[in-house]
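Only one structure is covered here, and it is reproduced in the block below.
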Amino acid sequence: MKVVYASRTGNVESIVGKLGVDALKIENGSETVGEDYVLFTYTDGYGEVPAEVTSFLANNAEHLKGTVISGSRNFGDAYCGAGKVITEQYGAPVLYEVEDAGTDEDIEKIKAAIA
């Protein structure tokens, strides 16, 4: 399955790089994908979906099958909040929540979740 991702600080890009999968990076939200995909994204602000991801999903939600969300536990209840918002809006389940760039164990669990 295709992986589509957004990364601001490099954490999500690092995760995707360790997976060794075909991936499309969301730069500004104008990208398109015509096949089923899993979205990897960070959480912006206090539990918000990044603007470029919101733009991307507005035109590409039909093939969205699930999300992997990166966040920081320092934000408490807003940890990986983007995933909750995307699930509410598009019905795609959160497959995995990971803190920052994750651990080797997280990478293995993500591989299993998206298989």
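The values are calculated or read from the model by the stated rules, or taken from the named source; none is laboratory data. Remember, predicted model here, so these are calculated numbers, not experimental data. As a convention, Cβ positions derive from the backbone with ideal geometry for all residues, glycine included, and neighbour counts pool all protein chains shown.
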Pull up region 64-93, narrow it to residues that are in a loop (DSSP other than H, G, I, E, B) and small (Gly, Ala, Ser), then point me to the one that is nearest to TYR37 (Cα to Cα).
ALA92
Here are GLU97, GLU35: which of them is at negative phi and touching a Cys at 6+ places or on another chain (Cβ under 7 Å)?
GLU97
Residue check for SER55: surrounded by 15 or more Cβ atoms within 10 Å (Cβ to Cβ), polar (S, T, N, Q) and more than 25 Å from THR103 (Cβ to Cβ):
yes
Report yes if GLY34 is among the small types (Gly, Ala, Ser), over 22 Å from GLY102 (Cα atoms), surrounded by fewer than 16 Cβ atoms within 10 Å (Cβ to Cβ) and free of Cβ contacts under 8 Å to residues at least 40 places away in the same chain, otherwise no.
yes
Of all residues in region 24-63 being in contact with an Asp or Glu (Cβ under 9 Å, 6 or more places away or on another chain) and of a type in the set (A, V, I, L, M), which is farthest from VAL85 (Cα to Cα)?
LEU24
Considering only residues that are surrounded by 22 or more Cβ atoms within 10 Å (Cβ to Cβ) and at pLDDT 95 or above, which ones fall in region 43-52?
VAL49
Being over 16 Å from ASP22 (Cα atoms) and surrounded by 11 or more Cβ atoms within 10 Å (Cβ to Cβ) is the filter here; which residues of region 100-112 pass it?
ASP100, ALA101, GLY102, THR103, ASP106, GLU108, LYS109
Residue that is farther than 25 Å from ALA78 by Cα and not aromatic (Phe, Trp, Tyr), where the choices are GLY20, GLY29
GLY20
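Quick grid of which residues meet (1) among the aliphatic types (A, V, I, L, M); (2) more than 18 Å from ASN11 (Cα to Cα):
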| residue | (1), (2) |
| --- | --- |
| THR67 | no, no |
| SER70 | no, no |
| ARG73 | no, no |
| TYR90 | no, yes |
| VAL94 | yes, no |
| GLU97 | no, no |
| ALA115 | yes, yes |
GLU13 being modelled with pLDDT of 95 or more, in contact with a strand residue (DSSP E or B) (Cβ under 8 Å, 6 or more places away or on another chain), part of a helix (DSSP H, G or I) and not small (Gly, Ala, Ser)
yes
